[in-house]
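Everything below concerns the one structure shown next.
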Amino acid sequence: MTSTAAAPVRAWLRFDWTMLVWLGLAAVLVFIVVNPLIRLVLASFEVRDGVGYTFDNYLTAYGRPRYVQALVNTLVMGAGVAALCVVFAVPLAWACSRTDMPARGFVRLCVLAAFIMPPYLGAVGWILLAGPNAGWINRAWVAMTGATEPLVNVFSLTGLIVIMACNLFFFVFVFTTSALELVSSEMEDAANILGAGAVRTAFRITLPLIYPAILAGVIVVFLQSLALFGVPALIAIPARYPVVTTQLWQFFESPVRVEVAAAYAIPLLGITIGLLGLQRLLLARKGYVTVSGKGGERRVVRLGAWRWPMFGFAATICLITVFMPLVVQVQAAFSRAWGRGFSLDNLTLENFRFILFEHQMARQSVFNSVTYAAIAALIAILLSLCIAYIVNRKLLRFSGVLAFLCMAPFVIPGIVLAIGFYAAYAPPPLALYGTALILILAFATRALPIAYASNAAGLRAIHPEMEEAVRILGGGRFMAIRRVVAPLLKRSLVGAWVLVFVPTCQELSTAIFLTGPNTRVMSVLLLDLSEEGKLEQLSALGSVLLVITVIIVAIGFRIVGRDFMLRRT
Amino acid sequence: MRAPKGRTLPIALAMLAATLSPAAAQLSADAEKALHEAAKKEGQLTWYTAHYSAETAEKMGKAFMARYPGVKVNVVRTTAQVAYQRLSQELRAGSLQVDVFGSTDIGHYLELKTKGLLEKFTPANAATTLESVRGIDADGMYHVSSLGMVGITYNTAKVKAADAPKNWPDLLDPKWKSQVSVGHPGFSGYVGIWVLTMTKMYGWSFFEKLEKGKPQIGRSILDTQTMLKAGERLVAAGPITSAIEAAAKGDPLGWVYPTDGTVVIIAPQAIVKGAKNPAAAKLFMEWALSEDASRTMVEDYQMSLHANVPGRGGTPLKDIKQLILKPDEILKGVSDVKERWRDTFGN
């Protein structure tokens, strides 16, 4: 064998074939995250049914005061939601993680429950509670005071903000809690020694230290609120408060103007980038070193006389976000007409009978939601696990970019992604419109960030030396992953799957633009039913959705312990 | 056909009568069987409908499937504009999902027809329907499969019959401030046509005044009824037949045929060109115009399309003052009033 012939052969043998797999996975990631965004941007410049590029779509999209107003309205709403989320979540997070407030575990559970309840069901609950004439609160108010005007009106900007915050404050809570768990008590001790009380210390020392986490939570909540579709459909239309999502929907009216919708969505992308830039700017000049690393001990703050007022605050939030909407919904689900209240002649199982047995698509939609979400969650988990592995073990150059791509869908408003998905997947050559695949792809993409964050955290805990042992003993990388990494991550993977499954099962913002008659998911069916305003049937179907979700979460609790959804992921 | 001698004349007369009467033209048993067999091979069809409430739509689907085993109909009930939006989205994506399209906005059919997007098919059963609804399209591309009425509806538990509004401008009375419920023309076909009719009769100022009365604006016209039932609102521009049905079931619903006229909705149905299940779609169209379909509709107090199937409850159509817009008026007018509505009501 001459050396000239041997060199390529050896190079051939040395070539790491697994590299192809990594590159392939990276390509998949680029395809599902970058492609829809590129298609969105391109679509915004396309000529409808024609060739070439134009700026006209932007002129149409922003050419009417009403359209611009919708954008302004949305930003006002988002700011309101973010502010209210902070008011709800930050004291609650502090009380739950650092103080001796009573019933902390229970309050945490309620926060989780508030997240599990999809925002459009919260909206149904609040219509029942705060409908101007027949809402429970207003009837009680009129009965007690003899007033002629309602106390609260759900069909208003305030209504929109409260309902959204009820669901979204979860994010701020989780972010804040995780930051608080890293702040050591030493600095607080210093403040105490210098004479500051518990509350003063909290405001002067603890709060500023966790400020970056709160800010991150605020940004996430703000962006999430822009993308919600169900709540505006139920509340903003009667409230006569047009927002971006309802406006985008109008661009899909005949003739379908995807290009204009894309152009209308682009500034939202700009806002996202702007917010992330602002975040950098705000955090750049200060040091938060105490937050990083494993500091000293963390002791419980004794609230003393504040114990019960603090609990009162927490209980009020639990009441507003979970118990009140839930109770009225269950009542409605068993009612002939919800406004007639609790009485025997109003009691019926008819709504459940209709939903479970009469309505042909309802059962199908339950099945669709669960299977699509399960498969999408699985895809997101597996893909993100591989990507996290690539990033963590630095298997590819520029792996940081891959990590960024995984996280990107978290901050891009879902409705923007939805338009991108439609532009990328619906028309030929892919022509996926009306298929299950288009929904699964969209769901998997939206689920990627949570899956990735969860897996990356899990992987960081596994030192490469165990895999190296496998490789020294002659096993390949895949063997190492299959026999070492995966078993070690098993619990974490199950936790991540549940964490991804729950919101995916309830997803509406992207589903609404991608669903076909045979691929309707529960959320879309709920929206279709809501057109007729039959809150009783909606509540019945919503209860089914909630029961399914609770069962899945309960299984998750059993396997991975009950705190897995409340940790920062 | 063999007949004993001496009885030829009566039979000939009967046959003559049969050819003259609509029943003669109905789908023959053989043709029905052949169509059923062809439809069975496709196995299913998808039906978008804005004609009925979710309950009635499901019931119609079940009745069809009971009559034609082996052919499944996927019932998708939404408001007319949403159904049209989904159809448009499918056409845009080049992936048609719907087979039979049932909107309450007749303008949709004119538009689809101009674009060559409807399948030309005249069901044999079309000849059995009431003369007044027959042959609405000269080219036989769409056929009336449902009738409806928009009138004034109210909650009888809270409003006495004597106090209920008598005509449309009565809804603008300040005494109904924050008590009126309406649907949204951007969603509901019924509401679009109602808004157009009111605009034609009273000008847009009707809605400017309505706006001041803070009406509750839902999406579907059926939402108004839900609002009345719940006691959230007292009076509405709502669907009459559904109010009759609800009242029959014991809900506190009343209805008024306004003295200035009840808006009559003529809702067609058509097969979309390029439908994936053409035979099943044809079978469904035949069925939708059959007496069987009328009987199913009448069970839920919908209006009958057949003289042989009497309606239930309410005043017969011929005895009320009707407001009917021409199809091309609807085509031209609805998108315009949708825009004006959004400008006035901001939603």
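Here are the numbers for this structure:
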read-out: Selection status of A:Ala431, part of a loop (DSSP other than H, G, I, E, B), free of Cβ contacts under 8 Å to residues at least 24 places away in the same chain and surrounded by fewer than 24 Cβ atoms within 10 Å (Cβ to Cβ); value: yes
read-out: Any chance A:Leu207 is surrounded by 24 or more Cβ atoms within 10 Å (Cβ to Cβ) and within 27 Å of A:Phe170 (Cα to Cα); value: no
read-out: Positions within segment B:265-296 being crowded, with 20+ Cβ neighbours inside 10 Å and within 27 Å of B:Asp328 (Cβ to Cβ), in sequence order; value: B:Ile265, B:Ala267, B:Pro268, B:Gln269, B:Ala270, B:Ile271, B:Val272, B:Ala275, B:Ala281, B:Met285, B:Ala288, B:Leu289
read-out: Conditions (1) out of contact with any Leu (no Cβ under 9 Å at 6 or more places or on another chain); (2) more than 9 Å from chain B (Cβ to nearest Cβ); (3) buried (at least 23 other Cβ atoms within 10 Å of the Cβ): number failed by A:Arg257; value: (3)
read-out: Residues of segment B:202-251 satisfying the condition of being more than 10 Å from chain A (Cβ to nearest Cβ), under 21 Å from B:Val264 (Cα atoms) and touching a strand residue (DSSP E or B) at 6+ places or on another chain (Cβ under 9 Å); value: B:Val235, B:Ala236, B:Ala237, B:Gly238, B:Pro239, B:Ile240, B:Thr241, B:Ala243, B:Ile244, B:Glu245, B:Ala247
read-out: Leading residue by the ranking (surrounded by the fewest Cβ atoms within 10 Å (Cβ to Cβ)) among those in segment B:61-75 that are more than 7 Å from chain A (Cβ to nearest Cβ) and part of a helix (DSSP H, G or I); value: B:Ala66
read-out: Hits in segment B:303-347 - residues which are assigned to a helix (DSSP H, G or I), under 17 Å from the mean Cα position of the chain (by Cα) and away from every other protein chain (no Cβ under 14 Å); value: B:Leu317, B:Pro327, B:Ile330
read-out: Options A:Cys110, A:Cys96; residue that is assigned by TED's automatic domain parsing to the domain that holds A:Ala198 and farther than 30 Å from A:Leu541 by Cα; value: A:Cys96
read-out: Meets criteria (outside any strand (DSSP E or B), farther than 26 Å from B:Gln81 by Cβ and in the same structural domain as B:Tyr301 (by TED's automatic domain parsing)) for B:Ala157; value: no
read-out: Residue ID - surrounded by the most Cβ atoms within 10 Å (Cβ to Cβ), chosen from residues in segment A:238-249 that are under 24 Å from the mean Cα position of the chain (by Cα) and in a helix (DSSP H, G or I); value: A:Val244
read-out: The one condition in (1) farther than 30 Å from A:Gln250 by Cβ; (2) assigned to a loop (DSSP other than H, G, I, E, B) that A:Gly516 fails to fulfil; value: (1)
read-out: Top-ranked residue in segment A:180-196 [being of a type outside the set (Asp, Glu), assigned to a helix (DSSP H, G or I) and more than 24 Å from the chain's Cα centre (by Cα); ranked as nearest to A:Pro91 (Cα to Cα)]; value: A:Ser185
read-out: Within segment A:290-385, helices (runs of 4 or more DSSP H) holding 3 or more residues that are within 14 Å of another protein chain (Cβ to nearest Cβ); value: A:324-333, A:350-353
read-out: One residue from A:Ser178, A:Ser225, A:Ser185 being assigned by TED's automatic domain parsing to the domain that holds A:Val301 and touching an Asp or Glu at 6+ places or on another chain (Cβ under 9 Å); value: A:Ser185
read-out: Residue list for segment B:44-60, restricted to those being surrounded by 24 or more Cβ atoms within 10 Å (Cβ to Cβ) and facing chain A (nearest Cβ under 9 Å); value: B:Thr46, B:Trp47, B:Tyr48, B:Ala54
read-out: When residues of segment B:76-130 are limited to those that are of a type in the set (Gly, Ala, Ser) and within 7 Å of another protein chain (Cβ to nearest Cβ), the one nearest to B:Pro268 (Cα to Cα); value: B:Ser88
read-out: Options B:Tyr84, B:Tyr68; residue that is more than 17 Å from B:Asp292 (Cα to Cα) and of a type in the set (Ser, Thr, Tyr); value: B:Tyr84
read-out: Subset tally (residues that are aromatic (Phe, Trp, Tyr) and away from chain B (no Cβ under 14 Å)) for segment A:484-538; value: 2
read-out: Residue list for segment B:160-204, restricted to those being in a helix (DSSP H, G or I) and among the acidic types (Asp, Glu); value: B:Asp163, B:Asp170
read-out: Selected residue [among the hydrophobic types (A, V, I, L, M, F, W, C) and assigned by TED's automatic domain parsing to the domain that holds B:Asp292] from B:Leu172, B:Leu110, B:Leu210, B:Leu196; value: B:Leu110
read-out: Filter result (part of a loop (DSSP other than H, G, I, E, B) and more than 17 Å from A:Phe421 (Cα to Cα)) within segment A:434-469; value: A:Ala461, A:Ile462, A:His463, A:Pro464
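Results for (1) free of Cβ contacts under 8 Å to residues at least 12 places away in the same chain; (2) under 18 Å from the mean Cα position of the chain (by Cα); (3) buried (at least 24 other Cβ atoms within 10 Å of the Cβ), shown as yes or no for each residue.
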{"residue": "A:Val484", "(1), (2), (3)": "no, no, no"}
{"residue": "A:Leu546", "(1), (2), (3)": "no, yes, no"}
{"residue": "A:Val550", "(1), (2), (3)": "no, yes, no"}
{"residue": "A:Val553", "(1), (2), (3)": "no, yes, no"}
{"residue": "A:Phe557", "(1), (2), (3)": "yes, no, no"}
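The values are calculated or read from the model by the stated rules, or taken from the named source; none is laboratory data. As the structure is a prediction and not an experimental result, all values here were calculated from the model. A quick note on method: Cβ atoms are made from the backbone with ideal geometry, for glycine too, and the neighbour counts reach across all protein chains shown.
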